Amino acid sequence: MKYEIPFNKPSVVGKEIDWVLESIAEGHISGDGPFTKRAERKLQDELGIERVLLTTSCTHALEMSAMLLELQPGDEVIVPSFTFVSTANAFVGRGVKPIFVDVRPDTLNLDEKRLEEAISPRCKAIVLVHYAGVACEMDAIMEIADRHGLVVIEDNAHGLYAKYRGKYLGTFGAMATQSFHETKNFTCGEGGALLLQNPELIQRAEIIREKGTNRARFFRGQVDKYTWVDHGSSYVLADLLAAYLSAQLERRETIQGARSRIWQRYMDSLQGWAGERGIAVPTIPEHCEQSYHLFYMLMPSREQQQQLIAHLRTQSILSVFHYLPLHLSPMGLKHGSAPGGCPVTEDISGRLLRLPFYASLSETEQSRVIESILSFRAQV
């Protein structure tokens, strides 16, 4: 079914088409071409990160992080249960056991108070997710990680350009991953990035990303030929896609400005109505600068969530739920564990509803969404 107001719509905001055509005209549409380098340099300069490597997806960037840590079967990593499957799957694929930890009821981020009870001698890393582009409590998490000798990996698929206490997300852990999927603030359809600070990790990451070869060093003139030197796969983003992404990144202020206005209008229009009905809206701590990635509501019950989704569909408006608890999924039950369970995740996953949100959402379209929500009457 085609909706008049979809949940997401990819936006063209600048020179996306021009630069894709330029990439074709230049004759280099495979990976590590001029647009790849342009996008990587821009992210490095703006985030203050040592190295950014564009990848074919955020999932693949997570897989690379697991390879870089040289995790072995039987090792454990802590992940939130309330996340996309890739956050856990990248590690399970290497025989690593995910230890699922619950999320906070306010920000829906990994609950730092539940971390230490999940740490065992086999634990090697904490993989956190900045849900909706709102930061986890990084001071507490980094202190716990340092005390236990654990590596922190930030799954920052939602949070590009968001900040925690003035510092960009994706720059706290040893590694971070980004997503440029079509639903993200900045997109090329399918794509991702791995962010690194450690020079030793950077050199090996280049090899893993290039099918286990030292091809990157060859093109820099550091070796006279390249060969197979390590494990790896084909994780390099096509320059054709990097051209589209580069144009999006160049219009950062335009995209983020539009998204912030849309987010704030949802909040201003719905907060009072929601509060009167026991419906929760996003919580943004004062020390966090969000990325304006999505706007959600937590309905009082799953029944009301489903009723509102159905009500909006009658208006040709698509709203959607989000993650199902990973610890209760067939693979989660088979490969993971959730000490003490994850009651917050189990509760909120059945009540959360996401509203249409994209940079080109017009005022008229957003008015329709808001008016349709305000006209909703729950069948209790």
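The values are calculated or read from the model by the stated rules, or taken from the named source; none is laboratory data. Because the structure is predicted, anything quoted here is derived from the model rather than measured. Positions of Cβ are generated from backbone atoms using ideal geometry, with glycine treated the same way; all protein chains shown enter the neighbour counts.
Quick look at the values:
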| item | result |
| --- | --- |
| Candidate set: the stretch 16-32, residues that are of a type in the set (Gly, Ala, Ser) and modelled with pLDDT of 95 or more; chosen: the one farthest from Arg209 (Cα to Cα) | Ala25 |
| Unmet criterion (only one of (1) surrounded by 22 or more Cβ atoms within 10 Å (Cβ to Cβ); (2) out of contact with any helix residue (DSSP H, G or I) (no Cβ under 6 Å at 6 or more places or on another chain)) for Thr183 | (1) |
| The stretch 263-302: number of residues that are assigned to a helix (DSSP H, G or I), in contact (Cβ under 8 Å) with a residue 24 or more places away in the chain and aliphatic (A, V, I, L, M) | 2 |
| Residue count for the stretch 330-372, restricted to those that are outside any helix (DSSP H, G or I) and small (Gly, Ala, Ser) | 9 |
| Failed condition for Arg313, given (1) touching a residue at least 60 places away in the same chain (Cβ under 8 Å); (2) closer than 18 Å to Phe84 by Cβ | (2) |
| Condition check for Thr254: among the β-branched types (Val, Ile, Thr) and either in a helix (DSSP H, G or I) or touching a strand residue (DSSP E or B) at 6+ places or on another chain (Cβ under 7 Å) (or both) | yes |
| Test: residue in the stretch 72-80 that is more than 20 Å from Pro339 (Cβ to Cβ), free of Cβ contacts under 8 Å to residues at least 24 places away in the same chain and in contact with a Ser or Thr (Cβ under 9 Å, 6 or more places away or on another chain) | no |
| Breaking point among (1) over 18 Å from the mean Cα position of the chain (by Cα); (2) surrounded by fewer than 21 Cβ atoms within 10 Å (Cβ to Cβ), for Leu324 | (1) |
| Counted residues, the stretch 36-65 - those being farther than 16 Å from Gln248 by Cβ and part of a strand (DSSP E or B) | 3 |
| Any hit, the stretch 151-161, residues being surrounded by fewer than 24 Cβ atoms within 10 Å (Cβ to Cβ), assigned by TED's automatic domain parsing to the domain that holds Leu53 and of a type in the set (D, E, K, R) | no |
| Test: Ile78 is under 24 Å from His322 (Cα atoms), more than 18 Å from the chain's Cα centre (by Cα) and at pLDDT 95 or above | no |
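Okay, residues lined up against (1) modelled with pLDDT of 95 or more; (2) crowded, with 20+ Cβ neighbours inside 10 Å; (3) in contact with a helix residue (DSSP H, G or I) (Cβ under 8 Å, 6 or more places away or on another chain); (4) not hydroxyl-bearing (Ser, Thr, Tyr):
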| position | (1), (2), (3), (4) |
| --- | --- |
| Glu276 | yes, no, no, yes |
| Pro285 | yes, no, no, yes |
| Cys288 | yes, yes, no, yes |
| Tyr296 | yes, yes, yes, no |
| Ser316 | yes, no, no, no |
| Asp347 | yes, no, no, yes |
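Quick grid of which residues meet (1) in contact with a Phe, Trp or Tyr (Cβ under 9 Å, 6 or more places away or on another chain); (2) closer than 30 Å to Glu365 by Cβ; (3) not assigned by TED's automatic domain parsing to the domain that holds Gly93:
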site	(1), (2), (3)
Gly191	yes, yes, no
Val229	no, no, no
Ser234	no, no, no
Leu241	yes, yes, no
Arg259	yes, yes, yes
Ile262	yes, yes, yes
Arg265	no, yes, yes
